[in-house]
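To start, the structure under review is shown below, and the notes come after it.
Every read-out reported here was derived from the displayed coordinates using simple, explicitly stated rules and does not represent laboratory data. The structure displayed is predicted, hence computed values, not measured ones. A quick note on method: Cβ atoms are made from the backbone with ideal geometry, for glycine too, and the neighbour counts reach across all protein chains shown.
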Amino acid sequence: MKEPTAGQVRRREVARTWTSAGPFAAIHLACVFVVVFPPTVGLLGLAAAGYALRMWALTAGFHRYFAHRAFRTGRTFQLVLAIAGCTAMQQGPLWWASWHRRHHHATDAPGDPHSPRLDGFWHAHVGWIFDGKHDSHDGSNVRDLAAYPELRWLNRHANVPVAVYAAACLAIAGPAGVVWGFVVSTVALMQATFLVNSVAHVWGTRRFDTPDGSRNNAIVAILTFGEGWHNNHHRYMTSARQGLRWWEVDVTYYTLRALAWLGVVRDLRQPPLDRDRRRPRAALA
Ligand SMILES: [Zn+2]
Ligand SMILES: [Zn+2]
């Protein structure tokens, strides 16, 4: 077969970038419809509820459960977490967990899909999603998840929960409900999630001397229900708890504790503690 010319390769790259960036750009541009549908208390409440539910699904589900297996649950609740996480429009559980495990495997080093140290702040924040090479994932590091056919199906059809979620917003409040409950809420959700990959690797404090640039950032932690304690997380990545001191607010962990009490989840993994068992050890034995 004839080798493609440099022009053909470039045109293919541009097409691939637009395929990846298209839905992302479209939902950001659709925010202009807030001018047509001004906010009301009800619409703001819908946007906030959509943000909170889906942020929780990302942090407790896609991140702490699927990517890190930080706790255990039954197959039914596992499916609930997967469906809810898909509504955040960040692809499916296998894709999300695979790239995130890759991030932990080589944090801020070659192989990290989003590192401000390697490729700059904006690439870590959004640029890496525009890069067509991240459209699919290498399944070799998510075989544990791929063992479930329902998760494989959801990963291939991650847009189905997104469409159902948008339709629910339409049913609740009409087109204005779609603009606020879906468009605005999803964009806020995306941007807040991306702060963990960009800001929480650049600005904040470092309790642990990890080999990466991870930071603890209180503002990111508030917006992402506990994920901003990112230096803690890179130190103890399989811990269900990321806020390690009483003042490090970690809403995701509190809700997981409540769900454990109710028997929905179990075996929440914890960081190893000091001898007085009051604070996490600075180094693993
Ligand atoms: Zn990180
Ligand atoms: Zn992680």
Let me spell out the model: positive unit charges on the Cβ of Lys and Arg, negative unit charges on the Cβ of Asp and Glu, origin at the Cα centre of region 23-266. What dipole size does that give, in debye rounded to 20? 660 debye
Of PRO93, VAL142, THR40, which is farthest towards the positive pole of the chain's charge dipole, taken about the Cα centre with +1 and -1 on the beta-carbons of Lys, Arg and Asp, Glu respectively? VAL142
Fewest first, what order do ASP112, ASP138 take by the number of other Cβ atoms within 10 Å? ASP138, ASP112
With label points set 7 Å from each Cα along the Cα-to-Cβ direction at VAL249 and VAL264, the distance between them in nm comes to 2.1 nm
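Are there any helices in the chain, counted as whole DSSP H runs, that stretch 24 Å or more along their axis by Cα and score at least -0.5 on average by Kyte-Doolittle, and if so which? Walk me through the intermediate numbers first.
On the way: long enough: 6-29 (32 Å, -0.22).
Answer set is 6-29.
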Sorted by Cβ density within 10 Å, fewest first, the residues SER140, SER214: SER140, SER214
What list of ³J(HN,Hα) values in whole Hz, one per residue of region 204-218 in order, does the Karplus curve 6.51 cos²θ - 1.76 cosθ + 1.60 (θ = phi - 60°) give from phi, with Gly and Pro shown as x? x, 9, 10, 6, 10, 7, 7, x, 9, x, 4, 10, 8, 10, 5
At 1.306 mPa s and 10 °C, Stokes diffusion of region 23-266 via Kirkwood alpha-carbon radius, µm² per second: 87 µm²/s
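Over region 23-266, what is the relative contact order in whole percent, taking alpha-carbon pairs under 8 Å and six or more residues apart?
Numbers: 368 pairs, mean separation 56.8, N = 244.
Contact order relative to length: 23 percent.
Among VAL34, VAL179, which comes first, second and so on when ranked by fewest other beta-carbon atoms within 10 Å? All intermediate terms of the calculation are to be shown ahead of the outcome.
Details: VAL34 16, VAL179 26.
Neighbour counts put them in this order, fewest first: VAL34, VAL179.
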